[in-house]
Structures are given as C-alpha cells and as structure tokens.
Amino acid sequence: MKDTPMSNCERDFILKAIEEKKRLDGRQTYDYRKIKITFGTDYGCCFVDLGQTRVMAQVSCELVVPKENRPNEGIMFFNLELSPMASPAFEQGRQSELSVKLNRQLERCLRNSKCIDTESLCVVSGEKVWQIRVDVHTLNNDGNLMDAASVAAIGALCHFRRPDVSIQGEEVTVYSPEERDPIPLSIYHMPISVSFAFFQQGTFLLVDPCEREERVMDGLLMIAMNKHREICSIQSSGGIMLLKEQVMRCSKIASVKVSEITELINKALLNDKTARKAGGRCGFAESMPQERITALKTDQTAVEMTDVSETASSIVQTAVAPPQTVPSPSVPVPGVGQVGEGLRNTWGLEEEEEEEEEESCGGDSVEEVTKMDVELHQEDKSRTVDVVEILDSDEEEEEVVILYPEATKKPKNTGSSSGQKGAGASRKQKKK
C-alpha cells in the first residue's frame, strides 16, 4: 500500500515555515524531539520513543561455528524490519530501498566501528563462538528512523546479558541465569547516529527531521559519532553537493547531541539496574502506571508566544462591551436538581412525601368517601326525567329525542305521577 501523497499547498507551507526558521511542532532549527528510553522485563529489550517515532530492539545470542577467516571472533548480525504497523507505506515480507539503506547504515554504525569486543565472544577457537543478533522493529514511524534505531540497538546491547559457560575438555556447559549470573557484553564505545536534513539545495538545515519534513527535503546527511568526538560513519543521500564547511558544522552539532544522548542512555541503564537490585518495578511493570507504554500519547507542543501580551492588550482595548442581557428563567425538567437560593429541584422527593402522607391518612378518609358516595347515589336516584319527546319527521332515518329535566326537586310520588302525565301527553301527540 502506498503512502498518502502530499499536496502542493502543504509542501509550500512547510517550505515557507522553514525559510522563516519555524517548524511544525514548534522546535527550533537544531532541537531534538523528546527522547524516552525504557527497557523490557528481560535483558536486551529496549524501547526508544523519539517524539512519535517508536522503535523496539531485542538482542539474542546462540552458539555457532565461527567463520573460517576469523576463528577467534564472534559474529554480529543486525536486522531492521519495517513493519506495516508503523506506516501504511511499509509492506510485509518485501525489503524496500529504505529498509536496505537503514540496515547497511546500522551495520556501519555498530559493527564496522568495532564498538563491541568480538574476541570476548569466542568460547572454543575454531569450533564455537557466540553469535549476537540484534533485531530492530519499527512500531511507529514519524520520521528519523535511523537515529531511533541506533539508540535502541546500542541501548539493548548495553542492557543485554549472555549466559555464562564453562569448558571441561571438549564439553561446553551453558548455565542458566538461576545457576550463574549472566555476563554483560564488552563494549568499547557507543556510536549514535544523528541525521541532518537539507532544503533548497543546502540553503537551510534541520536536525532530527519529522516525517513530513523528510518528504520535502532535498538531501539527508547521517553522521555516526561517539562521545569521544570520533566519527564512526558518514552517509549522504539525495544527490546534493555539500561544502566542507557544512559537513564540519554538522559534525560539531552532532558531537553535542551525541554526548547528551549517551548521558541519557547511561542514566536509563543505571535506573534499571537500581530497580532490579531493589526488587522494584522495571520494564513494562514500571512503564504502565506512568502511561508510557502508549505509542501515540499526546504531549504538550511548544508555541511561539513572543507578542502575545501586546496582541492581547490591543484586542482588549479595541473590544466593544457586550450588551447586558437578562438571563432567561430556566425551568427544571423532571429529574434535575438545582443548587442555590430560590431554585427548585424535581428529583421526585416531594411527590414521594405526598404519597406517604396519603397512605398514612388513608384509613381515616375511607369512611368519608363511602358517605359521599351514598349521598351522590341518592341524588342521582331523585333526579328523574320530566318530559320525553320523540319528534318524527317525514324521513324515517331522522329521529330527535329531547329530554326535559326537572327544574327543582320533587317528592318521589309527584315525580312518578308527572312522569305518567308526560307519557300520556306524548301518546296523544302520536295519535294525532
């Protein structure tokens, strides 16, 4: 799957910001992103967060037969894998041009610089030596994978412990960590890669480019150096011509950044060693409560605030006061409580209290209700119909019934006699 292409407007915006010495994330020209180094539960596992770029390195070892031309030296093997989880542009099972370039640069940085004593990895000359394998996995890509991979690889190698061995005749015994303490590797120095991005044919320079800046850059210069100011490797890509002054300027900046990163790695190793000796939390158990295991955790971004106070004061002076408005009365809906003087709540508490009061006084009101029902029943019986008239028109379907109720109350006997008279009168009208 190909990555999403960048629009021309976005490209022009980034280049214009670089010309004004501004960057998308608020950094200065020579600023690195925030680096976090954590170690796993096992020895040799290292996680490096360079801004949003996240890389994991795992070191393993095994006994193998040495090479014929170097029978007394161990073997170093490096493998960098670009996982599709890091970016949709990376494909599984296929080595891209970027993957080959990063693998070669990592081998030049760590193996060709002789930072590890390979002769100390020999067990039996010409028969068995230790093969150290470094696997680097990209978990998220936000630019500058090479710097993050080099820091993760050298951090994992410093943190790794190989098993102890003993030789009795021709028999080689490998001891587990419970039987004998593992042995750390013999490391001479720590080479670290620092990347520089050039824009507009070398006119502008940035340190630690992010993913969007890498898309619009014209060239890239990677310098691997240790804290002793010794250059281990230099690689330039992009096809731009660099002057000697530009390379020397980049090497001076790299020496400062390498010393800071080396101190950070040593501090992380010391903290992990202290935590393991004290029996405290280390690895994932130490990083989970602090929410550092999350890859895309939001961090605070520095914003340029040079003229904020002047701009704010001018806005306040020129602003027009808003008109005074009377707040509209709010009617609480059922199930809403309001706090304050003169406000109502409709939590249903008053209704429950009224129901309880009705239940408590229900026994006393039963007799009153029955008495009222009896009186109303007697009044209904006393009300009788005085006159009933049925008017028949020429059509058979239309029949009108008119009822004349009594205007005043009369005794039962008079009511029945008047009813009989009314009935007789109606019959006479029908006969007519």
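A few points about this structure:
- Under 5 Å from the amide H of Asn140 lie the amide H atoms of Arg54, each residue being 5 or more positions distant or on a separate chain, with H modelled from the backbone and absent for Pro and chain starts.
- Size check on segment 8-287: the Cα extents along the three principal axes, sorted descending, read 70, 46, 39 Å.
- Neighbours of Ile192 by Cβ distance under 9 Å: Lys/Arg scored +1, Asp/Glu scored -1, total +1.
- Over 29 Å apart at the Cα level, from the set Lys16/Lys36; Lys67/Lys101; Lys21/Lys114; Lys67/Lys267; Lys227/Lys273, are Lys16/Lys36; Lys21/Lys114; Lys67/Lys267.
- With the highest mean first, a sort of the peptides 258-264, 163-169 on other beta-carbon atoms found within 10 angstrom per residue produces 258-264, 163-169.
- Per-residue HN-Hα couplings for segment 168-184 [Karplus 6.51, -1.76, 1.60; θ = phi - 60°; Hz; x = Gly/Pro]: 10, x, 9, 9, 10, 10, 9, 9, 6, x, 6, 7, 9, 5, x, 10, x
- Percent carbon-and-sulfur accessible area, segment 60-191, ignoring ligands, DNA and RNA, probe 1.4 Å: 44 percent
- Phi to ³J(HN,Hα) by Karplus 6.51 cos²θ - 1.76 cosθ + 1.60 over segment 56-66, Hz, x for Gly, Pro: 10, 10, 10, 10, 9, 8, 7, 8, 9, 7, x
- Accessible-area ranking of Val65, Val100, largest first, probe 1.4 Å: Val65, Val100
The values are calculated or read from the model by the stated rules, or taken from the named source; none is laboratory data. A quick note: this is a predicted structure, and the numbers were derived from the prediction, not measured. Note that each Cβ is placed from the backbone with ideal geometry, even for glycine, and that neighbours are counted across all protein chains shown. Heads up: the accessible areas ignore ligands, DNA and RNA and are worked out on the full protein's heavy atoms, side chains in. Shrake-Rupley method; radii C 1.70, N 1.55, O 1.52, S 1.80 Å.
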